[in-house]
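Down below is the structure, laid out as structure tokens.
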Amino acid sequence: MLAYQHAYHAGNFADVHKHLGLRRLISAMTRKSSAISFVDTHAGRGLYPLAAAETQKLGEFRDGVERLWQKRRSFAVESPVGEWLASLATLQSGTELSRYPGSPWWLGSMLRPQDRLTLFELHPGEHRHLSDQTVSPHAGVQRRHADGLKGLVKLVPVSTPRLCVLIDPSYEKKDEYEEVAETLIQVVRKVRHAVVLIWYPLLPAGRHRLLLDTLRQAGIPKLWRSELKIREPAAERGMYGSGLLMLNPPWQLDIELDQAFTTLASVLADDARHQGQWWTGEA
């Protein structure tokens, strides 16, 4: 399905949840000097002007990144949220929030000369936008117009000592939850110590449970789960929360993110709350 365009949702609360987690994960992994292959299976455009017609149509960024931006001076610079906002500020032309970066920028901005970054995007229009973006000052970036889940399985094992993957589909297709689970199972078979971050939406239909249960039943160890709920689920359609699954998180990152996401919840909505827990433990 090629109808989905993330520009309509850029900078929403789920983006903030996902990208704050991604930024802290990259920071933790780059503390060691050994090279990393980063893979983004659903890259999108890479950069989103908030004044664009698509983004303005739903205006979801106003209940997401804009809430944090307005309170940015209340966060300590060295805190996870403060550091994330400081990085975001480098993309703006002044004090106004005018652009929001997608995952390619968050990954590329921290890429080191020894690292590699592979960006998959299947939508032809989104891929054209991505091809026009400079996501990193380093040369180790490849953009592939291809299915990211299938491409990831073909890509592994990688030549670098470490692997870090972001899996972030739109889940417009019901079977994507199962496809994501099966992809992770195949990746783990090939690269046991891969670090993988999976995003999923919390919707009233509760289809994300298939993803979670499949991975638990498959015996995939060391999965940490984070769920940020903005409101209680309603009978009608609509995303009420955002979920992250992290395979093999670096030491103590779960504790750091639990605190950061709890802070995030307190800013995004009065009734928002965060829950972090180990979905599966050591093998």
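The values are calculated or read from the model by the stated rules, or taken from the named source; none is laboratory data. What you see is a predicted model; the values in this text were computed from it and never measured. Using ideal geometry, Cβ is built from the backbone for each residue, glycine included, and neighbour counts are taken over all protein chains shown. Just so you know, the surface numbers come from the protein's heavy atoms only, side chains and all, with ligands and any DNA or RNA stripped out. Shrake-Rupley method; radii C 1.70, N 1.55, O 1.52, S 1.80 Å.
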- Query: Pairs, please: C-beta under 6 Å, at least 6 apart or cross-chain, first residue closer than 23 Å to Ser266 by Cβ and in the range 1-13, second modelled with pLDDT of 85 or more and in a loop (DSSP other than H, G, I, E, B)?
  - Reply: Gly11/Gly64; Asn12/Gly64; Phe13/Gly64; Phe13/Ile230
- Task: Please go through the range 95-115 and pick out each residue that is farther than 14 Å from Pro49 by Cα and either open to solvent by 40 Å² or more (accessible area, probe 1.4 Å) or among the charged types (D, E, K, R) (or both).
- Result: Thr95, Ser109, Arg112, Pro113, Gln114, Asp115
- Within the range 217-241, which residues are farther than 24 Å from Thr262 by Cα, of a type in the set (D, E, K, R) and in contact with a Leu (Cβ under 8 Å, 6 or more places away or on another chain)? Arg237
- Return the total of residues in the range 61-75 being open to solvent by 90 Å² or more (accessible area, probe 1.4 Å) and either of a type in the set (Lys, Arg) or closer than 18 Å to Ile230 by Cα (or both). 3
- Query: Quick check: anything in the range 274-281 open to solvent by less than 40 Å² (accessible area, probe 1.4 Å), within 22 Å of Arg24 (Cα to Cα), outside any helix (DSSP H, G or I) and in contact with a Ser or Thr (Cβ under 8 Å, 6 or more places away or on another chain)?
  - Reply: yes
- Message: Which residue is most open to solvent (accessible area, probe 1.4 Å), if the candidates are limited to the range 242-258 and must be in contact (Cβ under 8 Å) with a residue 60 or more places away in the chain and outside any loop (DSSP other than H, G, I, E, B)?
- Response: Glu256
